[in-house]
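The values are calculated or read from the model by the stated rules, or taken from the named source; none is laboratory data. These figures come from a predicted structure and were not determined experimentally. FYI the Cβ positions are ideal-geometry reconstructions off the backbone, even for glycines, and counts take in every protein chain you see. SASA here: full protein model, heavy atoms, side chains in, ligands and nucleic acids out. Shrake-Rupley method; radii C 1.70, N 1.55, O 1.52, S 1.80 Å.
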Amino acid sequence: MPSHVESQICRTIADVLEIDVSQVSPDQHFVNDLGANSLDVVEFVMRLEDHFKIEVPDDAADRVQTVGDLIQYICQLVIGPCEAETKALVAVASDHAGFALKSAIIRHLTKGERKLLDLGPAKPEPCDYPEYAVKVATAVVTGEAKYGILVCGTGAGMCITANKVPGIRAALVHSAYEARMTREHNDANVICLGSRVVGEGQAIEAVELFLATAFDPGDDGRHRRRVELIDAVEKTFAS
Ligand code: RB5
């Protein structure tokens, strides 16, 4: 999501609460951290509707509790899912522990316009997660798929394995916030989820946001520079 949208949201919050914008960050809770009340949240939403010329549903103010929630919510209304990203091919795989969650994610994504490549397994019989992590990682680095989704019990084994494949930036994600940030800041190309750690709703929300969020190089290119530094580390240890 473009950083100008996020900056405008933080500025609006700061203006309403009459604080400096440097005091506003995505992890803050409106009530507990910023001392805002429900009327303040309604005021943020109204000002953002005016600024971005969007219509926010009436119950939105009840659903956002943190600055990050509001950023996420407004960004989706302002930007919407990018058509090209929506149609990009996504490779998905799991092990036996992640099979049920993988199936739920596939069911959800295929209801939309997503083109999916299910790289297995076909049944939830005991299997070895590295085999499936490599299948998805290979599909991504060869360009067969733009993004990968990997599910095992914790997500950790999948993530460790996928990151051994040069060109893969796999992120272990437990929340929508992490999903968004790892696309924006790390240009992650594989999302790893733990079926024994996150619920189905949480996982689907994270996947949706991961696939809908663009990499943000940063206004001074700092996020791009850091991703290039990751590539340089990979090259240093390649031989
Ligand atoms: C399988 O029991 C479990 O080890 C695997 O799904 C995963 O959590 C590994 O990281």
If the viscosity is 1.002 mPa s and the temperature 20 °C, what translational diffusion coefficient in µm²/s does Stokes-Einstein give for the stretch 13-104 when Rh comes from Kirkwood over Cα pairs?
-> 138
Residue separation between Lys115 and Leu229 times 0.36 nm, minus their alpha-carbon distance, gives in nm 37.9 nm
Across 5 Å bins from the origin, how do the percents of Cα pairs in the chain run, short distances first?
-> 1, 7, 13, 16, 17, 14, 12, 9, 6, 3, 1, 0
GNM on the chain, Cα springs under 10 Å; top mean-square fluctuation among Val21, Val90, Val67 goes to Val21
Within a Cβ distance under 13 Å of Leu39, other residues only, what is the Lys/Arg minus Asp/Glu net charge?
-> -2
Summing +1 for each Lys or Arg and -1 for each Asp or Glu, what net charge is found among the other residues whose Cβ lies under 13 Å from the Cβ of Ile74?
-> 0
A student applying the Cα gyration tensor rule (rounded when a/c is under 1.5; otherwise prolate if a/b is larger than b/c, oblate if not) would label the stretch 133-201 oblate
The ³J(HN,Hα) series, computed from each phi in the stretch 224-236 with the Karplus coefficients 6.51, -1.76 and 1.60 at θ = phi - 60°, rounded to the nearest Hz and given as x for glycine or proline, is 5, 4, 5, 5, 5, 5, 4, 4, 5, 4, 4, 5, 4
Take Asn186, project a point 7 Å from its Cα along the Cβ direction, then tell me which residues of the stretch 143-163 have their backbone nitrogen under 15 Å from it.
-> 148-151, 155-163
Considering only His96, His108, His174, give the residue with the highest GNM mean-square fluctuation for the chain, with springs between Cα atoms whenever their separation is below 10 Å.
-> His108
Once the Cα atoms of helix 3-17 and of the chain are each reduced to a long axis, what angle between those two axes, in degrees from 0 to 90 to the nearest 10, is obtained?
-> 40
Picking from Thr213, Thr154, Thr142, which is most flexible by a Gaussian network model of the chain using Cα springs under 10 Å?
-> Thr142
Taking placed amide H atoms and a strict 5 Å upper bound, the residues 5 or more places from Leu117 or on another chain that come that close are Val90, Ala91, Val92
Please report, as a whole percent, how much of the solvent-accessible surface of the chain comes from carbon and sulfur atoms (probe radius 1.4 Å).
-> 52
Antiparallel content of DSSP bridges confined to the chain, in %, to 5 | 5
Mind running the shape call on the stretch 1-55? Use the C-alpha gyration tensor, a ≥ b ≥ c as the square roots of the eigenvalues: rounded below 1.5 for a/c, prolate if a/b tops b/c, oblate otherwise.
-> oblate
Residue by residue, what Karplus-based ³J(HN,Hα) values in Hz, rounded to whole numbers, does the stretch 41-50 have, using 6.51, -1.76 and 1.60 with θ = phi - 60° and x for Gly and Pro?
-> 5, 4, 5, 4, 4, 5, 5, 6, 4, 4
For Lys235, go through the aspartates and glutamates and keep the ones whose alpha-carbon is under 20 Å away, minus same-chain ones fewer than eight residues off.
-> Asp187
What order do you get for 48-59, 157-168, 113-124 when each peptide is scored by the mean count of other beta carbon atoms within 10 Å, highest first?
-> 157-168, 113-124, 48-59
Could you give the angle, 0 to 90 degrees to the nearest 10, between helix 67-79's Cα long axis and the longest principal axis of the Cα atoms of the chain?
-> 80
To one decimal place, what Kirkwood hydrodynamic radius in Å is obtained for the stretch 116-239 from all pairs of distinct Cα atoms?
-> 14.8
Send over a whole-number figure in Å² for the accessible area per residue of the chain, probe 1.4 Å.
-> 50
Length gained, Gln202-His174, 0.36 nm per residue minus C-alpha separation, equals 9.3 nm
Under the Karplus curve 6.51 cos²θ - 1.76 cosθ + 1.60, θ = phi - 60°, whole-Hz ³J(HN,Hα) for the stretch 116-133, x wherever Gly or Pro sits | 10, 10, 8, 9, x, x, 7, 9, x, 8, x, 8, 9, 4, x, 4, 7, 5
The chain, helix-only ellipticity at 222 nm - DSSP H runs n ≥ 4, -39,500 (n - 2.57), divided by all residues, nearest 500 | -15500 deg cm²/dmol
